[in-house]
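The values are calculated or read from the model by the stated rules, or taken from the named source; none is laboratory data. Just so it is clear, the structure is predicted and the values come from calculations on it, not from any experiment. Positions of Cβ are generated from backbone atoms using ideal geometry, with glycine treated the same way; all protein chains shown enter the neighbour counts.
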Amino acid sequence: MYREICIKPLDWLLYKWYDVNGNLREGLRWLDQAEADLKTARDCLKDGNYYASAFFSQQAAEKALKGFLYSKGYRALITHSVVELVEESSKFSEGFKRLLDYARELDRHYIGSRYPNFYPSGAPYKYYTKEMGELCLNYAESILTEVKRFLQR
């Protein structure tokens, strides 16, 4: 049985179909990719590619949260906002609310880590530091840890 829902009026980015039975297999599939992205973020950090580490950290958090929501029955999540995904996930567990500040930081790196026109001059890789890469990686790890509490293999 499917039910159509929309988080906020006119918010097509979070539009989804909801399956009341959930889909653990799909959730685990997304978590698997999230873990691969987290490994890539670690590798990029080690190699000094801090901008890429920040981006892959954001991707890992986004995919892990989508996996959690797919396991709860969501069918199509079209947002890339970690904040929106954390807010939606917190409807199932209050523990996600403590991750909102982490989500806000990670959202900054979805575009800023890749596009030069995000900055007044230069390329994104010139703006990223080791500390920024480490911070994003730590935040993504915290989000994956929370998701894994619910999606055990």
- line: In the set Ala61, Ala41, the lone residue that is under 9 Å from the mean Cα position of the chain (by Cα) and crowded, with 24+ Cβ neighbours inside 10 Å is Ala61
task: Check whether at least one residue in the stretch 126-146 is over 17 Å from Lys66 (Cβ atoms), without any contact (Cβ under 8 Å) to a residue 40 or more places away in the chain and polar (S, T, N, Q), and report yes or no.
output: yes
- prompt: Do we find a residue being within 25 Å of Gly122 (Cα to Cα), in a loop (DSSP other than H, G, I, E, B) and not aliphatic (A, V, I, L, M) anywhere in the stretch 29-52?
  reply: yes
Qualifying positions in the stretch 104-134 - more than 17 Å from Gly48 (Cα to Cα) and more than 17 Å from the chain's Cα centre (by Cα): Tyr115, Pro116, Asn117, Phe118, Tyr119, Pro120, Ser121, Gly122
Complete set of residues in the stretch 61-94 that are among the polar types (S, T, N, Q) and either out of contact with any Lys or Arg (no Cβ under 7 Å at 6 or more places or on another chain) or touching a residue at least 40 places away in the same chain (Cβ under 8 Å) (or both): Ser71, Thr79, Ser81, Ser89, Ser93
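Between Gln58, Gln152, which is free of Cβ contacts under 8 Å to residues at least 40 places away in the same chain and under 20 Å from Gln33 (Cβ atoms)? Steps first, please.
On the way: Gln58 fails: free of Cβ contacts under 8 Å to residues at least 40 places away in the same chain.
Being free of Cβ contacts under 8 Å to residues at least 40 places away in the same chain and under 20 Å from Gln33 (Cβ atoms) holds for just one of Gln58, Gln152, which is Gln152.
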message: Kindly evaluate Ala76 against the criterion of being within 27 Å of Leu151 (Cα to Cα) and outside any helix (DSSP H, G or I).
response: yes
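Within the stretch 133-153, take every residue that is among the aliphatic types (A, V, I, L, M) and over 12 Å from Ala41 (Cα atoms) and give me the one that is modelled with the lowest pLDDT.
This residue is Leu151.
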Among the candidates Gly67, Gly22, Gly73, residue that is over 18 Å from Cys136 (Cα atoms), of a type in the set (Gly, Ala, Ser), modelled with pLDDT of 95 or more and surrounded by 15 or more Cβ atoms within 10 Å (Cβ to Cβ): Gly67
